[in-house]
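Following this message is one structure expressed as structure tokens.
The values are calculated or read from the model by the stated rules, or taken from the named source; none is laboratory data. From a predicted model like this one, the values you see are computed outputs, not experimental measurements. Please note: Cβ atoms are built from the backbone with ideal geometry, for glycine as well, and neighbour counts cover all protein chains shown.
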Amino acid sequence: MKHMAPISSLDTSLSDDIIYSASLDRTVKAWRISDLKCLETIQAHSAPINAVVVADNGVLYTASDDATVKVWRRNFGNTNSCPHALTVTLPAKSSPVKTLALNAEAGVLYGGCTDGYIHYWLKGWFSGQLQYGGILQGHLHAILCLTSFGNFVVSGSADSTVRIWIRQQDGEHNCAAVLKGHRGPIRSLAAFPCRVVDDGDQDGCIICTGSMDGMLKLWRISCSSKPAPGLNLVGSEYIEL
């Protein structure tokens, strides 16, 4: 039951005892963690799949080189398997989608594309369906990794920079900072909120970036209101791999 091409992305639903694998063979597989059984093979896209994300409610999101993001809903009534049905296809303006990030608390899905744009979709308050919100524009090359928490979105690109975006109450996004220091494409990142005591005990975040230059960098960002509102780089550390 193995994939017929490289595996590009993984995500888990621990409450359902399932791990999802996406592959360049254009399929997504659902595996039961407890006995390692393949429960389902989803013929998901017409081109290689680059990212898979599963929400707490079991909704599955897949992104592909076919320039779409697809939303799948699992049939929980079947206890022996987990068949998924396609609910909606979200177009990404004719550009392959390389990475996804889901901010479940805010109800926003982000998709990073090869043209350097980040498309996002907002969950409607009444319908609960995703509606197109717009694009985040600033990177010069492909978006290779994304993460989102709170009102922050962090993106890594083949242009060797990381951008920090802040989502406003009206749904608009502003680029608050650009992190420069890598000499190669940003291939992966992780970020989480924290308190930055070196800058007067301000709210902030820690961002870890991994690049194809062989460097792992750790950035500490503070959300400072003095002397001007915005984000400040408190300091950075790096490890050479």
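Considering only the range 50-69, I want to know if a residue exists there that is farther than 26 Å from Thr147 by Cβ, not in a strand (DSSP E or B) and not β-branched (Val, Ile, Thr).
No, because not a single residue in the range 50-69 is farther than 26 Å from Thr147 by Cβ, not in a strand (DSSP E or B) and not β-branched (Val, Ile, Thr).
Thr147: of a type in the set (Ser, Thr, Tyr), in contact with a strand residue (DSSP E or B) (Cβ under 9 Å, 6 or more places away or on another chain) and at pLDDT 95 or above, yes or no?
On the way: of a type in the set (Ser, Thr, Tyr): yes; in contact with a strand residue (DSSP E or B) (Cβ under 9 Å, 6 or more places away or on another chain): yes; at pLDDT 95 or above: yes.
For Thr147, the condition - of a type in the set (Ser, Thr, Tyr), in contact with a strand residue (DSSP E or B) (Cβ under 9 Å, 6 or more places away or on another chain) and at pLDDT 95 or above - is met.
Between Ala22, Ala51, which is in contact with a Gly (Cβ under 9 Å, 6 or more places away or on another chain) and modelled with pLDDT of 95 or more? Break it down stepwise before answering.
Details: Ala22 fails: in contact with a Gly (Cβ under 9 Å, 6 or more places away or on another chain).
Just one listed residue meets the conditions, Ala51.
Going by the conditions given, is Ile19 free of Cβ contacts under 8 Å to residues at least 60 places away in the same chain, of a type in the set (A, V, I, L, M, F, W, C) and more than 18 Å from Val71 (Cα to Cα)? Explain how you work it out, then say what you get.
On the way: free of Cβ contacts under 8 Å to residues at least 60 places away in the same chain: yes; of a type in the set (A, V, I, L, M, F, W, C): yes; more than 18 Å from Val71 (Cα to Cα): no.
Taking the combined requirement at face value, the residue does not satisfy it.
Taking interchain pairs and intrachain pairs at least six residues apart, which have beta carbon atoms under 6 angstrom, with the first residue in the range 142-170 and within 17 Å of Cys205 (Cβ to Cβ) and in contact (Cβ under 8 Å) with a residue 40 or more places away in the chain and the second surrounded by fewer than 20 Cβ atoms within 10 Å (Cβ to Cβ) and β-branched (Val, Ile, Thr)?
Note: pairs meeting the criteria are Asn151/Ile166.
Test Ala47 against the criterion of being closer than 26 Å to Cys113 by Cα, in contact with a Lys or Arg (Cβ under 7 Å, 6 or more places away or on another chain) and surrounded by fewer than 12 Cβ atoms within 10 Å (Cβ to Cβ), and give yes or no.
no
Another question, if that's okay. With respect to Lys2, determine if the residue is over 30 Å from Arg163 (Cβ atoms), of a type in the set (Lys, Arg) and exposed (fewer than 14 other Cβ atoms within 10 Å of the Cβ).
yes
What single numbered condition from (1) closer than 20 Å to Asn103 by Cβ; (2) at pLDDT below 90 fails to hold for Asn232?
(1)
Of the residues in the range 1-17, how many are in a strand (DSSP E or B) and at pLDDT 95 or above?
Our first condition is that a residue be in a strand (DSSP E or B); within the range 1-17, this holds for 7-13.
Going one step further and asking which of them are at pLDDT 95 or above, we end up with 7-12.
Residues in the range 1-17 being in a strand (DSSP E or B) and at pLDDT 95 or above: 6 in total.
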